[in-house]
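Student: I have a structure I would like to understand better, so I am pasting it below and will then ask my questions one at a time.
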Amino acid sequence: MDEQPTPAPVIEPGYTFGTVTDKISSIVLTRPTSNGWFLGFGVAFLVTMGLLYAIGYLFLKGVGIWGVNIPVGWGFAIVNFVWWIGIGHAGTLISAILLLLRQSWRNSINRFAEAMTLFAVACAGMFPVLHLGRPWLAYWLFPYPNTMNVWPPLVLSVHTVVSFDFAIGQVPGWHTTIFPPYFVAGAIYSGFAMVLMLAIPIRKFYGLEDFITERHLNNSAKVMLATGLIVAYGYGIEAFMGWYGGNRYDAFLLWNRLHGPYSFFYYMLLLCNIGIPQVLWIKRLRTSPFWLFLISGVVLVGMWLERFIIVVVSLQRDFLTSSWGMYYPTRWDWMTFIGTIGFFLACMFLFLRVLPMISIFEMRTLLPEAEVKE
Amino acid sequence: MSALLWKPEDLLAPPIVKVYQRRFLIAGVVASVIVIIGGFFQPRVFFRGYLISFMDWLGVALGSMVILMLRHLTKGGWGMIIRRIQGAAMRTIPLMTVFFIPLIFGARYLYIWTQPDKVSDPHLRKHLEEVSSYLSLKGFVLRALVYFAIWNLLSYLLTKWSKEQDTPPVRDNSQRFKVLSGPGIILYGFTISFAAIDWVMSLDPSWFSTIYPLIILIGEVLSAFCFAIVVERVLFNYRPMSELLKPEYVHDHGKFMLTFIMVWAYFSFSQWLIIWAGDLPEEISFYLRRINGGWGWVAIALVLFHFAMPFILLLSRPFKRDITRLVWLAVWMLFMRYVDLFWLAEANFSETFTVTWADIAVPIAMGCLWLAYFCRNLSSMPLVPAYDSFASEVLEPAHEHSV
């Protein structure tokens, strides 16, 4: 009865206030910048330059350089926007919700998850402006006066509103009531995948295994497993209602996803988002940095594909067969998308170099010394 | 393991529970006789009330099971203190299984899809043919068998392992609980979704909404939490609960209540906004039905008293920490849960706002029987498993309770 399986600690034993401070601050203050950092930052910076080039050309020529056209008027820009916003959500969850739930394991990953959120949102924020065609009129995006009193409740939750952007339309595959919770779950899913993809190499290169422990990997993997299942529930109920509801356009959408020209991506999506992540039921994989890194990558690909399927496959073949069409991203689409990844990584590299990546104060509260005796 | 802080026999439910059990049983039997007689004369009306009542009490039982499984996964004193209350509510699932049987015989009074020949609308008729492999009485019964088999099995295992922790030699089952609870919650989410479609959404087989099962699901969890708060308040007048229930736990319970109320509102609002904005004939019919003919007042009452009022009250920290005040909101929310189900189901049958005798009498009759069974379950096991290694947090006297 005494042998409770004790969970791995959130901070390895043997640390004091002083050593915690030294360990975290030395990365920024005393350690010389490594060659690896210069290499990583250099590559990310070059890719960012590619992004600037793509944007410059876009402003010169207009959105015609992209693959968007009628009927698929929303292409990579919206796919990437939703993907990046979703990734940003893990920061919100770790920073606020896990704090409210008194999950002390969040303390060591909180700071860089917040940084990650900031950079991901910066990447996301570019796309609405870029896809305008006339970016000098970007201020037109600001909310116009309150129509039908819908604004106040809408500001409640970011990703819910993103899902409303789709769901209040009538396009099959967009107009479905499950979208709000399903988008939020998907956002947290991809966000945690990104947190892990960053945390796993960072803890290794900077020797922070004592602070970002097995427990963090395990818990993050569990959050991924749970949110991934909610996403799977969304796919399932949507497919069921496509059949049960008897709406022929919904039924066709399901057919088009399974057998249409983009069906390969739909199967890949099912594999990446539902199939492969089920291995996270195995504890050994949840605590293995190597496997977890790979699975997180798979989830990020899967979640990007999900947005691609939602945006492109729904628009590609809607109500009128005469206006069906295909969507092919151009090299500028790819350059912009990959460019934002470069921008994101460049920002992360700078963050790691100039700011303490773990909150020293919050880490100290985890030490036995910090407990106040009554 | 330190010495036992409490002896298991001191942790038993107070004798008053037995008294309640007898009273509920007598009231339940009398009320049942009356409603059954009424049911013979007006079966159509009877089964409408019966379905709403069934969904309402089933929600308390299943919701309790979910919260119990959540507690097994997350631990925490808030869950230990109500663990056995929820266990007792969960163990009414066999009773709910029995209560389902009349619905099989009443299906033809409730569900238009049981008699597709009588449907005059050609579109609906064609649609019913297309989905007849799902919406048929046979499928209805077979699926219900699967749902109840899963729920009873989960309840059986959770109870069995919990019982093992009451008598020495005690084995530590927390790992087993954990292993079952993860998949258990997934199974619950899956089964209740289809149960919600089968039993409530299919009342109007031409209408569908992908978030609808989740609205039923979160309603069940909310019902169960409110019910636990009411029971802990009643027990708070007696030992051992009077010594164990600390304001921190009540505070946590209030926070959970607030969370579930917000999630309910979030799901309900999402469904409304998306359907309202889409304004498609086959979808908006659901809300047109529920905002016209007097039903709109019920809808407004739900917004105000199932969300706004409890939301504002629960923002207050002192309110959440005071069981004597929180309990009244919990009682109110249990009533509002019923109103929500009533609004969802009854509006299918009547275009104008109608409350039948069965809508009032059947929930009371079924509720009294349910509560009698609950009281029986509650007094059969100690209120806290004294040997559980996590129970010490709850069983320690307040002044030693640090952090």
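Student: If you go through the range B:234-279 one residue at a time, how many are charged (D, E, K, R), within 11 Å of chain A (Cβ to nearest Cβ) and assigned to a helix (DSSP H, G or I)?
Tutor: Residues of the range B:234-279 charged (D, E, K, R): B:239, B:243, B:246, B:248, B:252, B:255, B:279.
Checking the rest, the ones that are also within 11 Å of chain A (Cβ to nearest Cβ) come to B:252, B:255, B:279.
Subset that is assigned to a helix (DSSP H, G or I): B:252, B:255.
Going through the range B:234-279 one residue at a time, the tally reaches 2.
Student: Still on this structure, please answer the following. Considering each of B:M69, B:M55 in turn, give the residue that is more than 14 Å from chain A (Cβ to nearest Cβ), outside any loop (DSSP other than H, G, I, E, B) and of a type outside the set (S, T, N, Q). Before you say what the answer is, go through the steps one by one.
Tutor: Numbers: B:M69 fails: more than 14 Å from chain A (Cβ to nearest Cβ).
So the residue among B:M69, B:M55 that is more than 14 Å from chain A (Cβ to nearest Cβ), outside any loop (DSSP other than H, G, I, E, B) and of a type outside the set (S, T, N, Q) is B:M55.
Student: Do you know which residues across the range B:319-349 are free of Cβ contacts under 8 Å to residues at least 40 places away in the same chain and more than 20 Å from B:V231 (Cα to Cα)? Show your work before the answer.
Tutor: Residues of the range B:319-349 free of Cβ contacts under 8 Å to residues at least 40 places away in the same chain: B:325, B:328, B:332, B:335-336.
The answer is none; no residue qualifies.
Student: Let me ask another. Name the residues in the range B:137-188 that are part of a loop (DSSP other than H, G, I, E, B), among the β-branched types (V, I, T) and surrounded by 14 or more Cβ atoms within 10 Å (Cβ to Cβ), would you?
Tutor: We begin by selecting, within the range B:137-188, every residue part of a loop (DSSP other than H, G, I, E, B); these are B:164-173.
Still in the running and among the β-branched types (V, I, T): B:167, B:170.
Hit for the range B:137-188 is B:V170, nothing else.
Quick grid of which residues meet (1) within 10 Å of chain A (Cβ to nearest Cβ); (2) surrounded by fewer than 22 Cβ atoms within 10 Å (Cβ to Cβ):
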residue: B:S193; (1), (2): yes, yes
residue: B:W199; (1), (2): no, no
residue: B:W207; (1), (2): yes, yes
residue: B:P213; (1), (2): yes, no
residue: B:L222; (1), (2): no, no
residue: B:F227; (1), (2): no, no
residue: B:V230; (1), (2): no, yes
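Student: Could you identify the single residue in B:F286, B:F305 that is assigned to a helix (DSSP H, G or I), within 14 Å of chain A (Cβ to nearest Cβ) and either buried (at least 16 other Cβ atoms within 10 Å of the Cβ) or not aliphatic (A, V, I, L, M) (or both)?
Tutor: Numbers: B:F305 fails: within 14 Å of chain A (Cβ to nearest Cβ).
On inspection, the qualifying residue turns out to be B:F286.
Student: In addition: I need a count of the residues in the range A:314-341 that are of a type in the set (G, A, S) and under 23 Å from the mean Cα position of the chain (by Cα).
Tutor: Step one: list which residues in the range A:314-341 are of a type in the set (G, A, S), which gives A:314, A:322-323, A:325, A:339.
With under 23 Å from the mean Cα position of the chain (by Cα) added as a condition, the list becomes A:314, A:339.
Count: 2.
Student: Hey, can you tell me all the residues within the range B:140-179 that are at pLDDT 95 or above and more than 22 Å from the chain's Cα centre (by Cα)?
Tutor: B:L142 - this is the single residue of the range B:140-179 that is at pLDDT 95 or above and more than 22 Å from the chain's Cα centre (by Cα).
Student: When the residues of the range A:211-261 are narrowed to those that are charged (D, E, K, R) and more than 14 Å from chain B (Cβ to nearest Cβ), which ends up surrounded by the most Cβ atoms within 10 Å (Cβ to Cβ)?
Tutor: Of the residues in the range A:211-261, the ones charged (D, E, K, R) are A:214-215, A:222, A:238, A:248, A:250, A:257.
From what is left, the residues that are more than 14 Å from chain B (Cβ to nearest Cβ) are A:214-215, A:257.
Details: A:E214: 16, A:R215: 16, A:R257: 23.
Filtering the range A:211-261 for residues that are charged (D, E, K, R) and more than 14 Å from chain B (Cβ to nearest Cβ), the one surrounded by the most Cβ atoms within 10 Å (Cβ to Cβ) comes out as A:R257.
Student: Which of the residues belonging to the range A:164-196 are more than 8 Å from chain B (Cβ to nearest Cβ), over 13 Å from the mean Cα position of the chain (by Cα) and free of Cβ contacts under 8 Å to residues at least 60 places away in the same chain?
Tutor: Within the range A:164-196, the subset more than 8 Å from chain B (Cβ to nearest Cβ) is A:165-166, A:171-174, A:182-196.
Next, only the ones that are over 13 Å from the mean Cα position of the chain (by Cα) stay: A:165-166, A:171-174, A:182.
A:D165, A:Y182, listed by residue number.
Here's the yes/no breakdown for (1) within 14 Å of another protein chain (Cβ to nearest Cβ); (2) of a type outside the set (D, E); (3) part of a helix (DSSP H, G or I):
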residue	(1), (2), (3)
B:M333	no, yes, yes
B:N348	no, yes, no
B:T352	no, yes, no
B:A361	no, yes, yes
B:Y373	no, yes, yes
B:S379	no, yes, yes
B:L383	no, yes, no
B:F390	yes, yes, no
B:E393	yes, no, yes
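Student: Being polar (S, T, N, Q), modelled with pLDDT of 95 or more and under 21 Å from B:L203 (Cα atoms): is that true of B:S350 here? Outline the logic, then answer.
Tutor: Working: polar (S, T, N, Q): yes; modelled with pLDDT of 95 or more: no; under 21 Å from B:L203 (Cα atoms): yes.
Against the criterion (polar (S, T, N, Q), modelled with pLDDT of 95 or more and under 21 Å from B:L203 (Cα atoms)), B:S350 does not qualify.
Student: Take the residues of the range B:72-91 that are assigned to a helix (DSSP H, G or I) and in contact with an Asp or Glu (Cβ under 8 Å, 6 or more places away or on another chain): which is surrounded by the fewest Cβ atoms within 10 Å (Cβ to Cβ)?
Tutor: This residue is B:G77.
Student: Can you tell me which residues in the range B:129-187 are of a type in the set (K, R), within 24 Å of B:V384 (Cβ to Cβ) and either touching a Phe, Trp or Tyr at 6+ places or on another chain (Cβ under 7 Å) or more than 13 Å from chain A (Cβ to nearest Cβ) (or both)?
Tutor: Narrowing the range B:129-187 to residues of a type in the set (K, R): B:138, B:143, B:160, B:163, B:171, B:176, B:178.
Still in the running and within 24 Å of B:V384 (Cβ to Cβ): B:160, B:163, B:171, B:176, B:178.
B:K160, B:K163, B:R176 - these are the residues of the range B:129-187 that are of a type in the set (K, R), within 24 Å of B:V384 (Cβ to Cβ) and either touching a Phe, Trp or Tyr at 6+ places or on another chain (Cβ under 7 Å) or more than 13 Å from chain A (Cβ to nearest Cβ) (or both).
Student: Residue by residue through the range A:286-301, note down the ones that are touching a residue at least 12 places away in the same chain (Cβ under 8 Å) and either within 28 Å of A:L58 (Cβ to Cβ) or aliphatic (A, V, I, L, M) (or both).
Tutor: A:L292, A:I295, A:V298, A:V299, A:L300, A:V301
Student: Let me ask you something else. What are the residues in the range A:352-363 that are in a helix (DSSP H, G or I) and crowded, with 19+ Cβ neighbours inside 10 Å, if any?
Tutor: Step one: list which residues in the range A:352-363 are in a helix (DSSP H, G or I), which gives A:352-354, A:360-363.
Once the filter is applied, which keeps residues that are in a helix (DSSP H, G or I) and crowded, with 19+ Cβ neighbours inside 10 Å, the range A:352-363 yields A:L352, A:M363.
Student: Among A:L93, A:L118, A:L98, A:L60, which is farther than 30 Å from A:V223 by Cα and either under 19 Å from the mean Cα position of the chain (by Cα) or part of a helix (DSSP H, G or I) (or both)? Break it down into steps so the answer makes sense when it comes.
Tutor: Numbers: A:L93 fails: farther than 30 Å from A:V223 by Cα; A:L118 fails: farther than 30 Å from A:V223 by Cα; A:L98 fails: farther than 30 Å from A:V223 by Cα.
Going through A:L93, A:L118, A:L98, A:L60 in turn, the sole match is A:L60.
Student: Something else: A:D318 fails exactly one of the following numbered conditions: (1) touching a residue at least 60 places away in the same chain (Cβ under 8 Å); (2) among the charged types (D, E, K, R); (3) part of a helix (DSSP H, G or I). What is the number of that condition?
Tutor: The single condition A:D318 does not satisfy is (3).
The values are calculated or read from the model by the stated rules, or taken from the named source; none is laboratory data. If you're wondering where the values come from, they're calculated on a predicted model, not measured in any experiment. Note that each Cβ is placed from the backbone with ideal geometry, even for glycine, and that neighbours are counted across all protein chains shown.
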